[in-house]
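K.L.:
A single structure is presented below for examination.
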Amino acid sequence: METIGAALRWGVERRLEFIDFRLFWEGHVNRGDLMEAFGVSVNQASTDLNRYIAMAPDNMAYDKSSRTYIRSSSFAPRFLEPDASLYLSKLRSVADGIVDSADTWIGKFPSFDCAPTPARGVDAKTLRSMVAAMRRSEAIEIKYQSMSRPEPAWRWVAPHAIGFDGYRWHARALCLNDSSFKDFLFSRILETRNTKPSSTRAEADADWNEELTLEIGPHPELSEAQQKVVELDYGMRGGRAEIRVRKALLYYALKRLGLDTDPSARRPQDQQIVLLNSDAVLPVAGNRAQ
């Protein structure tokens, strides 16, 4: 996986990764799988499978009855690192309608679904204009509907990054009206118009560049058995886990994890984790979208 790919053309490397993917997750692969996923010919698919066998001879064996290659007991991926989070994200992307199932490399999907998330009205042209302003280090004039004003208003902002709060996408930008860095939700940008050069630098956004560590642990009022379950859920070691977060995204991270309120406000079974370093973290958790 380290240097093998460097000597292969990108297309060939991707098809070898696909073979690894199918063998690891589904236990089998054949020429038809490659032809369907990449639109290659029968000869090309056969060449790719033979190349894979030459480079990883102990990874699969041909089963004549099913006319497919079967994962061997000594299988070890050569061209990709299996990632459970990536596999699950593919399922979520399909459920949300973001990715077509044919583009996931998954041959046979398990039965799955996701709790629905309300669609956010982000306009493609608005997003394109904001991204272009970031690339060119420009300020852009936006018509923005904030929560603090009854009517939308035009303002100049100098965006430098894009952030996701767990539910919504926003632009991290310097608001030229009051010379402070803020979060502007893309769904609240109604229009964009003029641009102009900007000397704003991302390095000047201290909250974006500073990272904090959230130390979390099981709720102390859970039973010992329940605490062990929570430790497994969050990958804790020794009763704690650390989560790195940008200071600019701290408010959203705490809210999403349910750590923005006093642990006693909810039942331990509902608020299963607590913030162990609240004295260091909570005093700086004030930023939110405009």
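K.L.:
Is it the case, given these coordinates, that T104 is of a type in the set (S, T, N, Q) and touching a His at 6+ places or on another chain (Cβ under 7 Å)?
P.N.:
The answer is no for T104.
K.L.:
Here's something else I'd like to know. Does the range 58-81 contain any residue that is of a type in the set (F, W, Y), assigned to a loop (DSSP other than H, G, I, E, B) and closer than 16 Å to G32 by Cα?
P.N.:
no
K.L.:
Something else now. Report, by residue number, each residue of the range 83-101 that is open to solvent by less than 80 Å² (accessible area, probe 1.4 Å) and out of contact with any Lys or Arg (no Cβ under 8 Å at 6 or more places or on another chain).
P.N.:
Answer for the range 83-101, where residues must be open to solvent by less than 80 Å² (accessible area, probe 1.4 Å) and out of contact with any Lys or Arg (no Cβ under 8 Å at 6 or more places or on another chain): D83, A84, Y87, S89, K90, L91, S93, V94, A95, D96, G97, S101.
K.L.:
Same structure again: Tally up the residues in the range 32-70 that are farther than 19 Å from W10 by Cα, touching a Leu at 6+ places or on another chain (Cβ under 9 Å) and open to solvent by less than 60 Å² (accessible area, probe 1.4 Å), please.
P.N.:
Residues in the range 32-70 being farther than 19 Å from W10 by Cα, touching a Leu at 6+ places or on another chain (Cβ under 9 Å) and open to solvent by less than 60 Å² (accessible area, probe 1.4 Å): 3 in total.
K.L.:
Another question about this same structure. Do the conditions hold for D58, that is, is it out of contact with any strand residue (DSSP E or B) (no Cβ under 6 Å at 6 or more places or on another chain), within 14 Å of P77 (Cβ to Cβ) and of a type in the set (D, E, K, R)?
P.N.:
Here the answer is yes, as D58 does meet what is asked.
K.L.:
Let me ask another. Please specify each residue of the range 185-228 satisfying the condition of being under 16 Å from A153 (Cα atoms), more than 20 Å from the chain's Cα centre (by Cα) and not in a helix (DSSP H, G or I).
P.N.:
Of everything in the range 185-228, those that are under 16 Å from A153 (Cα atoms), more than 20 Å from the chain's Cα centre (by Cα) and not in a helix (DSSP H, G or I) turn out to be I189, L190, E191, T192, R193, N194.
K.L.:
Go through the range 225-245 and give me each residue that's in contact (Cβ under 8 Å) with a residue 40 or more places away in the chain and open to solvent by 30 Å² or more (accessible area, probe 1.4 Å).
P.N.:
Q226
K.L.:
Return the residues of the range 102-143 that are over 19 Å from H170 (Cα atoms), loosely packed, with under 13 Cβ neighbours inside 10 Å and not aromatic (F, W, Y); say none if nothing qualifies.
P.N.:
Matches in the range 102-143: A102, D103, K108, P110, S111, D113, C114, A115, P116.
K.L.:
May I pose another question? List the number of the failed condition for P268; all other conditions in (1) within 26 Å of A171 (Cβ to Cβ); (2) touching a His at 6+ places or on another chain (Cβ under 9 Å) hold.
P.N.:
Tallying (1) within 26 Å of A171 (Cβ to Cβ); (2) touching a His at 6+ places or on another chain (Cβ under 9 Å), P268 fails exactly one: (1).
The values are calculated or read from the model by the stated rules, or taken from the named source; none is laboratory data. Note that the structure is predicted; figures quoted are calculated from it, not measured. Note that we place each Cβ from the backbone using ideal geometry, even for glycine, and neighbour counts take in every protein chain shown. Areas reflect the complete protein model, heavy atoms only, side chains present, ligands, DNA and RNA absent. Shrake-Rupley method; radii C 1.70, N 1.55, O 1.52, S 1.80 Å.
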